[in-house]
Amino acid sequence: VILRLLITGASGLLGASLINRSRDALDVIACAHQTVLRASRFEVCNVDLVDAAQVDRIIKQYRPDWICHSAALTNVDLCQSEPALAYQQNVHASINIAKAGERHGSKLLLISTDSVFSGEQGNYVETDHPLPINVYAQTKLESECRVQAILSQALIARVNFYGWNIQAKHSLAEWVLKQLQSGSAVSGWTDVYFTPLFTNHLADLLLEMVRLDFQGIYHVGGSERVSKYDFARAVAEVWGYDPARVLKTKSKESDLSAPRPGDTSMCCDKLSHALKRSLPDLRGGLNAMRESGETDFVSFKQSVA
Ligand SMILES: NC(=O)c1ccc[n+]([C@@H]2O[C@H](COP(=O)([O-])OP(=O)(O)OC[C@H]3O[C@@H](n4cnc5c(N)ncnc54)[C@H](OP(=O)(O)O)[C@@H]3O)[C@@H](O)[C@H]2O)c1
């Protein structure tokens, strides 16, 4: 059965990957805000998700089976300095989407984050108590709660990922690569742990979960808990740079304005048991990113310029 899927944040890091990975198998509507997308293989639309009337109109027009809500204000420091904006872009937008989905019979996948947790413990399971320590994470947790109150069967995926951006910004892996390519040393935090996935692997998992009609909260991460330092070293190794160029630093030494949680690694056993297989590890993800660098990424830019 071909599902009709509307993907918000289609010009973003994860949204672009979702489009990329779904375009042969699903009927897709790619939805951005200010970025102009052009495509021959699927429909595109521009909508401000903060505007409830616009959201309702678009969902009524396309009547997707599923809305995959990946759009958000993801700049953690901007969210900290502009909490009202963060609340509007993240919480209000999610409420608008959930209400429109409820009204027009669309199911909803909400993309959330591992940073809903305080980072004191690590290896978090879905039933652990979330305790966000910055505004961005507060708005993401609030979005989860509001969406569940409107659509009790919503699928909520807590994620963390890296990959190729189609916009002029850098995911963690891209930033590390840029530093290595320019001959600079790379600062790697030894006190921040996570379980990231390559966007293509994450997109494939999310699309499978949608096809299988999953509901409720799932942690969707990689099978390995690594520090940002370990991650940067692995990037160097996979791309053939000297890993000794990655220097051990602490997140507390940085001048970021929003507090960052220490260990937001997630236990993803609920998902791997449901799918009856293990999730990708770090080397598998980085190797896939390296291999996809000159293929998927470019072909996506050609179809969505
Ligand atoms: N990046 C990470 O490592 C990470 C980790 C955990 C969770 N997440 C979550 O994963 C999701 C995707 O993140 P990302 O890094 O892929 O995002 P991103 O690259 O920052 O892209 C954000 C997307 O949201 C769209 N958007 C922003 N405001 C909008 C509005 N008012 N109306 C409509 N669209 C709007 C943007 O559209 P325009 O380009 O048109 O402005 C863009 O497509 C988010 O929900 C984020 O919270 C991300």
Output the residues belonging to the stretch 175-203 that are open to solvent by less than 20 Å² (accessible area, probe 1.4 Å) and within 16 Å of the ligand (Cβ to nearest atom). VAL176, LEU177, VAL192, PHE194, THR195, PRO196, LEU197, PHE198, THR199, ASN200, LEU202, ALA203
Limited to the stretch 123-138, what total is found for residues that are within 16 Å of the ligand (Cβ to nearest atom) and more than 15 Å from the chain's Cα centre (by Cα)? 8
Of all residues making up the stretch 45-77, the number that are under 30 Å from PRO259 (Cβ atoms), open to solvent by less than 50 Å² (accessible area, probe 1.4 Å) and among the β-branched types (Val, Ile, Thr): 2
In the stretch 30-62, what residues are more than 20 Å from GLN167 (Cα to Cα) and near the ligand (Cβ under 9 Å from one of its atoms)? VAL50, ASP51, GLN54, VAL55
Test of understanding: among SER106, SER118, which residue is more than 18 Å from the chain's Cα centre (by Cα), more than 9 Å from the ligand (Cβ to nearest atom), open to solvent by less than 40 Å² (accessible area, probe 1.4 Å) and under 29 Å from LEU282 (Cα atoms)? SER118
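Taking the condition of being open to solvent by 20 Å² or more (accessible area, probe 1.4 Å), in contact (Cβ under 8 Å) with a residue 24 or more places away in the chain and part of a loop (DSSP other than H, G, I, E, B), how many residues in the stretch 154-168 meet it?
Pass one, the stretch 154-168, residues open to solvent by 20 Å² or more (accessible area, probe 1.4 Å): 160-161, 164, 166-168.
Subset that is in contact (Cβ under 8 Å) with a residue 24 or more places away in the chain: 160-161, 164, 166-167.
Right, trim to part of a loop (DSSP other than H, G, I, E, B) and you get 160, 164, 166-167.
Going through the stretch 154-168 one residue at a time, the tally reaches 4.
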Would you please name the residue that is farthest from the ligand (Cβ to nearest atom), looking only at residues in the stretch 63-98 that are acidic (Asp, Glu) and over 17 Å from SER115 (Cα atoms)? ASP65
Considering residues of the stretch 106-125 that are in contact with a Phe, Trp or Tyr (Cβ under 8 Å, 6 or more places away or on another chain), outside any strand (DSSP E or B) and of a type in the set (Ser, Thr, Tyr) only, the residue farthest from ASP269 (Cα to Cα): SER106
Residue that is farthest from GLY216 (Cα to Cα) [pool: residues in the stretch 129-153 that are out of contact with any His (no Cβ under 9 Å at 6 or more places or on another chain) and open to solvent by less than 10 Å² (accessible area, probe 1.4 Å)]: ASN134
Scan of the stretch 254-289 for residues that are without any contact (Cβ under 8 Å) to a residue 60 or more places away in the chain and in contact with a helix residue (DSSP H, G or I) (Cβ under 7 Å, 6 or more places away or on another chain), ordered by number: SER278, ARG283, ASN287
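The values are calculated or read from the model by the stated rules, or taken from the named source; none is laboratory data. A quick note: this is a predicted structure, and the numbers were derived from the prediction, not measured. A quick note on method: Cβ atoms are made from the backbone with ideal geometry, for glycine too, and the neighbour counts reach across all protein chains shown. Calculation scope for accessible area: heavy atoms of the full protein, side chains included, ligands and nucleic acids excluded. Shrake-Rupley method; radii C 1.70, N 1.55, O 1.52, S 1.80 Å.
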